[in-house]
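Participant: After the structure tokens below, expect a handful of questions from me.
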Amino acid sequence: MIDLNEKRQAIIAVATEMFNKFVSMPPELRSDDKPRTGIKVLVWEPGTRNLILFSVAEPSEAAQFFVVEKAVRSHILSDMSSQNSEHEPSLQYMGSLSVFLDELEGRADKKGILLASTSGLKGEEDAAISASVLAEAADASFQDICDNVASNFGKLPFWYDSEDKSYFDFLF
């Protein structure tokens, strides 16, 4: 088990840094037609009370709801990514990712699943923040997190396997 409360400040710092990077990008690089006031992030080890839930800036009420909806939906459906069940007309979005801890490099001694869900930005940005906080929590690389999600049939946004990573290039 990873003690998420012990890593709380480091995880919040990663999420804050990512949020600030995304919202401070110039409009010609990152277009967005919605005001983004903040994000809500949940990091959870399903089946336990080992979790942290926090805000960066001031997320909307919708973001505060959808962070939990994404996590619960993907967990109940046994999906490694909420993108697997994404259906925008029904307001079901991407942004939640899960990894098997014992499949991460150097983590064979750790058992269980670790899930991160983010809401408040565009779906592909929420997924990027979720992967980043999972990397921080599990002491893994961003790439290892994404590879683990993908190898377990979790869908990832275009930035994972596209040559043109657009403004997500800094993640790799």
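The values are calculated or read from the model by the stated rules, or taken from the named source; none is laboratory data. Predicted model, so just to flag it, every value in this text is computed and none were measured. Reconstructed Cβ throughout: ideal geometry from the backbone, glycine too, with neighbour counts over all protein chains shown.
Participant: Name, by its number, the condition in (1) modelled with pLDDT under 95; (2) surrounded by fewer than 18 Cβ atoms within 10 Å (Cβ to Cβ) that does not hold for residue 153.
Facilitator: With respect to (1) modelled with pLDDT under 95; (2) surrounded by fewer than 18 Cβ atoms within 10 Å (Cβ to Cβ), residue 153 is out only on (1).
Conditions tested, residue by residue: (1) at pLDDT 95 or above; (2) in a helix (DSSP H, G or I); (3) farther than 18 Å from residue 127 by Cβ.
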position: 2; (1), (2), (3): no, no, yes
position: 5; (1), (2), (3): yes, no, yes
position: 10; (1), (2), (3): yes, yes, yes
position: 35; (1), (2), (3): no, no, yes
position: 39; (1), (2), (3): yes, no, no
position: 71; (1), (2), (3): yes, yes, no
position: 79; (1), (2), (3): yes, no, no
position: 94; (1), (2), (3): yes, no, no
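Participant: Only residues in the range 117-130 that are basic (Lys, Arg) count as the first member; pair them with residues that are in a loop (DSSP other than H, G, I, E, B), Cβ under 8 angstrom, at least 6 apart or cross-chain, and list the lot.
Facilitator: So the pair list comes out as 122/32.
Participant: Quick one: in the range 41-62, which of the residues that are under 9 Å from residue 120 (Cβ atoms) and part of a loop (DSSP other than H, G, I, E, B) is farthest from the chain's Cα centre (by Cα)?
Facilitator: Only one residue fits best here, namely 60.
Participant: If you don't mind, there's one more thing I want to ask. When residues of the range 149-167 are filtered for being in a helix (DSSP H, G or I) and in contact with a Ser or Thr (Cβ under 9 Å, 6 or more places away or on another chain), how many remain?
Facilitator: The total comes to 2.
Participant: For the range 100-144, enumerate the residues that are within 18 Å of residue 169 (Cβ to Cβ), of a type in the set (A, V, I, L, M, F, W, C) and not in a loop (DSSP other than H, G, I, E, B).
Facilitator: Correct list: 127, 128, 129, 131, 135, 142.
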